[in-house]
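Just so it is clear, none of the values below were taken in a lab; they were calculated from the coordinates. Just so you know, these numbers come straight off a predicted model, no measurement behind them. Cβ placement follows ideal geometry from the backbone for every residue including glycine, while neighbour counts extend to all protein chains displayed.
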Amino acid sequence: MSTPVIEPIAVPADVQAPASFTELVRTALTGQSEDLRPDLNDRCDQCGPASAAAAVFGYASGELMLCAHHTRQHLPAILASRMLSWWIDPEALWHLDLEEPAAT
Ligand SMILES: [Zn+2]
């Protein structure tokens with residue numbers, strides 16, 4: 001039995017540097033599903049009745065609702081997950097500078 005040779009993964013020359021997290025969020029906010037927007041009765045799945053939902057993430061298995069605090073806490077993992085649709089209250093993302101960079 002021969003030892004398998006692991007080929008290095010070829011990186012195409014036109015691959016761009018990975019987008020910053022803020023750019024990722026900015027892109028996500030342009031693809032919001034307005035029909036997922038939570039109403040005042042929707043609650044954070046992690047806090048329970050204590051906190052109103054500020055974001056809803058739709059998956060094949062169901063929806064995840066999070067308050068602003070838990071949205072900020074879990075956003076990097078959520079954006080990397082296989083969500084099908086989402087709505088995020090931009091107010092919940094005050095910690096990020098989401099203004100478009102000024103055109104030069
Ligand atoms: Zn919460």
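Odds and ends about this structure:
- Residue in segment 69-86 that is nearest to the ligand (Cβ to nearest atom), counting only those that are under 20 Å from Thr30 (Cβ atoms) and buried (at least 20 other Cβ atoms within 10 Å of the Cβ): Thr71
- Pairs, first charged (D, E, K, R) in segment 27-41, second part of a loop (DSSP other than H, G, I, E, B) and surrounded by 10 or more Cβ atoms within 10 Å (Cβ to Cβ), C-beta under 9 Å, six or more apart: Arg37/Asp89; Asp39/Ala53
- Pick from segment 24-61, criterion part of a strand (DSSP E or B) and away from the ligand (no atom under 11 Å from the Cβ), ranking: nearest to Trp94 (Cα to Cα): Val56
- Leu64 being touching a strand residue (DSSP E or B) at 6+ places or on another chain (Cβ under 9 Å), in a helix (DSSP H, G or I) and within 16 Å of the ligand (Cβ to nearest atom): no
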